[in-house]
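One structure is given here, and the rest of the page talks about it.
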Amino acid sequence: MERFLIKGFDSKGVRGKINCSGAKNAVLPLMASSILFNDTITLKNVPLGTNDVKTMVVLLKSLGSKVQIIKKKKILKITNKKKHKLLVKYKYISTMRAGVLVMGALLGKYNKCITALSGGCSLGPRPIGFHLTGFKKLNCKYYLKQGYINILAKNGIKGGLYSFPKVSVTGTSNLIMASVLANGKTILKNISIEPEVLDLIKFLKGGGAKINFIGKRTIKIYGVKNLEGHSHEVIGDRIEAFSYLCTAAITKGKIKVDKINSKYLEAELKVLKNIGCNIKVSKYSIELSRKKKLKQAKIKTSPFPGFATDCMPMLMAVLTKSNGKSVIEEKIFTNRYMAAPELVRMGATINIKGSKATIIGKTKLNGADCISSDLRSTFAIILAAMAAEGTSCIRRVYHGLRGYSNLYNNLKKIGVNIKRKS
Ligand code: EPU
């Protein structure tokens with residue numbers, strides 16, 4: 001299993017430029033939605049280096065899609081020549097929860113599917129109750145048999161009304177995909193307006209779907225007969241951008257992240273600014289440098305446009321170096337502080353009580369042996385290792401490779417003293 005050995009910076013921090021990849025959480029629903037189209041769709045700016053994208057390619061192929069990868073150009077072409085298989089096997093859902101996204105697309109196109117039920121994951125329980133209740137409002141019935149959810153709209157998907165009890169990102173994408181070819185009008189309320197969901201809406205509309213916002217979190221969808229294949233550029237990955245900005249924040253360095261719309265990170269950039277980072281923003285790039293001491297922060301995670309839960313572990317690592325006491329409240333997942341014990345192993349003081357984490361800065365970090373246990377905590381541990389004295393060994397970095405393209409090379413490029421060992 002691959003490990004990273006990282007030696008902390010002495011005085012000068014990271015320097016350089018990173019080109020942001022296409023967003024993992026945008027491309028996965030876009031790929032799933034390819035099932036709805038009659039002909040070929042082309043996706044550009046695809047983060048082909050991420051393992052989740054590789055898994056989604058295998059999943060789509062298992063259902064019968066033809067997938068062409070043009071690696072050098074970061075392009076995926078997906079063609080549906082024959083009827084898809086309607087069974088989504090457990091092995092795809094167990095390694096990548098986003099596998100549930102094909103459920104909405106299969107239902108939208110074929111009015112039925114059988115999908116392995118996802119369990120919890122390291123972030124806590126990951127229920128799909130909202131997805132299922134929403135499908136019911138679209139004329140579907142479902143039952144669970146041997147770990148698989150069997151869903152059927154016997155008389156076809158019919159437009160309906162569903163209001164999400166709580167904002168759900170993949171829930172919103174699934175319900176949109178199930179509705180775009182439905183018979184009649186669907187209204188979805190309290191939807192996620194994360195940039196990745198808006199990218200899916202843009203893509204579907206480009207193929208002929210009729211989706212309109214009639215409120216800040218409400219959309220109206222008129223079912224259409226079919227969707228025409230077309231070409232689409234995936235938006236930049238805001239979480240990847242934030243992660244690399246944090247490398248300069250924690251090491252007193254300077255970094256520029258290109259190919260990212262700064263509007264996707266307004267809440268997060270405000271926090272980095274408030275704790276003492278200098279930030280220069282232009283439409284498609286963000287530059288961060290830090291000379292001053294870091295100040296403490298108090299944040300709560302929330303759905304977009306609030307502070308993203310996916311950015312929280314990296315901010316927690318940065319705050320171990322701030323002066324004073326910081327408080328984070330995680331409002332989305334019940335178990336998102338998995339980086340904390342590893343940071344504590346390096347010398348950080350972090351106390352967790354329920355959904356709140358209190359970080360007492362400014363502690364000296366020392367290199368240590370660490371284990372990463374989910375995607376974002378991998379980057380948080382990498383950040384702490386960069387700011388620690390001595391060398392850290394980070395095990396199970398494969399978690400990070402699920403969602404960060406070129407992780408090792410990018411870190412090397414900005415001056416991180418990193419070695420890879422298997
Ligand atoms: N929830 C329910 N019932 C449901 C669905 C969700 O109670 O049927 C709850 C969840 O338990 C959670 C909250 O609603 O408390 C939000 O969950 P959501 O459904 O929005 O999460 P998700 O769609 O499964 C996506 C991202 C995650 C990201 C979350 C929150 C993808 C593929 N995944 O997950 O990304 O953390 O939204 O923004 O888009 C990551 O990239 O590291 C990652 C975990």
Name the most mobile residue of Ile328, Ile381, Ile239, meaning the one with the largest mean-square fluctuation, in a Gaussian network model of the chain with Cα contacts below 10 Å. Ile328
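Restricting to Cα pairs below 8 Å that are 6+ residues apart, what does the relative contact order work out to for the chain? Please round to a whole percent. Could you put the intermediate results ahead of the total?
On the way: 1024 pairs, mean separation 90.2, N = 422.
Dividing the mean separation by the residue count of the chain yields 21 percent.
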Under a point-charge model restricted to the Cβ atoms of Lys and Arg (+1) and Asp and Glu (-1), what is the dipole moment magnitude of the range 176-316 relative to its Cα centre, in debye to the nearest 20? 780 debye
List the residues whose amide H sits under 5 Å from the amide H of Asn417, counting only those 5 or more places along or on another chain, with H placed 1.01 Å from N in the peptide plane. Lys7
Taking θ as phi - 60°, what are the ³J(HN,Hα) couplings along the range 316-330 by the Karplus curve (6.51, -1.76, 1.60), each to the nearest whole Hz, with x for Gly and Pro? 4, 4, 4, 5, 5, 9, 8, 8, x, 9, 10, 10, 10, 10, 8
Could you tell me which residue out of Val100, Cys370, Phe130 lies farthest along the dipole of the chain toward its positive end? Charges go on the beta carbon: Lys and Arg +1, Asp and Glu -1, centred on the Cα centre. Val100
Highest GNM mean-square fluctuation among Ile221, Ile352, Ile211, for the chain with Cα springs under 10 Å, belongs to Ile352
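In Å³ and rounded to a whole number, note down the convex hull volume per residue for the Cα atoms of the range 88-153.
Details: hull volume 4.9 nm³, N = 66.
Spelled out: Cα convex hull of the range 88-153, divided by residues, is 74 Å³.
Nothing charged except the Cβ atoms of Lys and Arg (+1) and of Asp and Glu (-1): what's the magnitude of the dipole of the chain about its Cα centre? Round to the nearest 20 debye.
320 debye
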Sequence gap at least 6, Cα distance under 8 Å: using those rules, report the relative contact order of the range 24-224 to the nearest whole percent. 18 percent
Expressed as an acute angle from 0 to 90° and rounded to the nearest 10, what is the orientation of the C-alpha long axis of helix 101-110 relative to the principal long axis of the chain? 10 degrees
Calculated P(r) of the range 72-114 - Cα pairs past 17 Å, %: 45 percent
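Rounding to the nearest 20 debye, state how big the charge dipole of the range 24-224 is about its Cα centre with +1 on each Lys and Arg Cβ and -1 on each Asp and Glu Cβ.
Numbers: 35 positive and 5 negative charges, 86 e Å.
Roughly 420 debye for the range 24-224.
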Convert each backbone phi in the range 34-50 into a coupling constant with the Karplus relation 6.51 cos²θ - 1.76 cosθ + 1.60 (shift: θ = phi - 60°), then list the ³J(HN,Hα) values in order as whole Hz, x for Gly and Pro. 4, 4, 6, 8, 7, 10, 7, 10, 10, 10, 10, 6, 8, x, 5, x, 7
Report the equivalent ellipsoid semi-axes for the chain in whole Å, largest first, defined as the square roots of five times the eigenvalues of the gyration tensor built from alpha carbon atoms. 38, 21, 20
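Taking only the Cα atoms of the range 24-224, how large is their convex hull per residue, in Å³? Could you put the intermediate results ahead of the total?
Values: hull volume 21.7 nm³, N = 201.
Residue-normalised Cα hull volume stands at 108 Å³.
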Running a GNM on the chain with Cα contacts under 10 Å, which residue among Ala23, Ala32, Ala357 ends up with the highest mean-square fluctuation? Ala357
Towards the positive end of the charge dipole of the chain, with charges on Cβ (+1 Lys, Arg; -1 Asp, Glu), say which of Asn409, Pro165, Met346 has the farthest Cα. Asn409
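FYI, it's all coordinate maths here, none of it is from the lab. Because the structure is predicted, anything quoted here is derived from the model rather than measured. Glycine gets a Cβ as well: all are built from the backbone with ideal geometry, and neighbour counts include every protein chain shown.
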